[in-house]
1. The conditions are (1) at pLDDT below 95; (2) within 20 Å of R182 (Cβ to Cβ), and G89 fails exactly one of them. Which is it?
2. Suppose we filter the stretch 61-95 for residues that are within 19 Å of A107 (Cα to Cα) and either charged (D, E, K, R) or part of a loop (DSSP other than H, G, I, E, B) (or both); how many remain?
3. May I ask you to list the residues in the stretch 29-48 that are more than 18 Å from Y181 (Cβ to Cβ) and either in contact with a Pro (Cβ under 8 Å, 6 or more places away or on another chain) or open to solvent by 40 Å² or more (accessible area, probe 1.4 Å) (or both)?
4. Taking T158 and the conditions (1) in a helix (DSSP H, G or I); (2) out of contact with any Pro (no Cβ under 7 Å at 6 or more places or on another chain); (3) open to solvent by less than 50 Å² (accessible area, probe 1.4 Å); (4) not acidic (D, E), which numbered condition does it fall short on, given that it satisfies the others?
5. Within 23 Å of T45 (Cβ to Cβ), of a type in the set (S, T, Y) and crowded, with 23+ Cβ neighbours inside 10 Å: which single residue out of Y92, Y123 fits that description?
6. G69 - would you say it is within 29 Å of D131 (Cα to Cα) and either buried (at least 22 other Cβ atoms within 10 Å of the Cβ) or modelled with pLDDT of 95 or more (or both)?
7. Could you list, in sequence order, all residues of the stretch 196-232 that are in contact with a Leu (Cβ under 8 Å, 6 or more places away or on another chain) and open to solvent by less than 70 Å² (accessible area, probe 1.4 Å)?
8. Does the stretch 162-197 hold any residues that are within 15 Å of the chain's Cα centre (by Cα) and either part of a loop (DSSP other than H, G, I, E, B) or aromatic (F, W, Y) (or both), and which are they?
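The values are calculated or read from the model by the stated rules, or taken from the named source; none is laboratory data. The structure displayed is predicted, hence computed values, not measured ones. Every residue, glycine among them, receives a Cβ derived from its backbone with ideal geometry; neighbour counts consider all protein chains shown. Each accessible area value is taken on the protein alone, full model and side chains, heavy atoms only, with ligands, DNA and RNA left out. Shrake-Rupley method; radii C 1.70, N 1.55, O 1.52, S 1.80 Å.
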Amino acid sequence: MSTQSQNLTLVQAVRDGLKSEMERDDDVLVLGEDVGTNGGVFRATEGLLEAFGEDRVVDTPLAEVGIVGSAIGLAASGLRPVAEIQFMGFVYDAMGQLFTRAARLNARSRGHYNCSMVVRVPYTGGIRAPDMHGESMEALFVHHPGLKLLAPSTPYDTKGMLIGAIRDPDPVVFLEPKRIYRAFTEPVPTGTYEVPMGGAAVRREGSDVSAFTWGAMTRPTLAAAEELAGEV
């Protein structure tokens, strides 16, 4: 991992993670509605089309079933697609593809096929968005076997977890808390690195209460703990 770093917001860390893996591995590509010419609704993929071309940054029709279904086919063919669903409220039409195809491909093929793909999904409320644009339905995914679910809370974790998700052999749903996309910055290494899956980060040691949180609620939870402890 590089010792150099840059201060990034969470959404910039998403872009940096994508760019790092696309430079490292020609099998990585991104697809989704408006990810190319427009750079994504939140500009998370801005500049990638110019850097990697339309064969690896693919603007799709507004059809979530087709976006995720195409990603599954690409993954089964040995590529590593990263599909974007613009808002969590739009992902429901694609859940059949995720649950009955992506999550089961390895087991159904007795290990002959992997489904190394990532579905990026901006989620959470708190930004005064309209209907279908501010949902937090992560519980629907976390209980389904065959899928891995990640929800970072800092720019550092975002880049490292996204890189790890792209490299993982299994399908990963990567939830991006849009409420804090641009809320703060922190130093993020310029090189590639992974934040391991399967464990929680201990943000604050205590003795009386254990609080488990993720995404946009991590900072308010830490602030509440500090206030209760008389640290602010």
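1. Going through the list (1) at pLDDT below 95; (2) within 20 Å of R182 (Cβ to Cβ), G89 breaks only (2).
2. Matching residues across the stretch 61-95 total 4.
3. Within the stretch 29-48, the subset more than 18 Å from Y181 (Cβ to Cβ) is 29, 31, 36-37.
Within the stretch 29-48, L29, L31, T37 qualify.
4. So T158 meets the others, but not (2).
5. Working: Y92 fails: crowded, with 23+ Cβ neighbours inside 10 Å.
After ruling out the rest, the residue left standing is Y123.
6. Yes, satisfied.
7. Within the stretch 196-232, M197, G215 qualify.
8. Within the stretch 162-197, D168, D170, P171, F174, Y181, E194, V195, P196, M197 meet the criteria.
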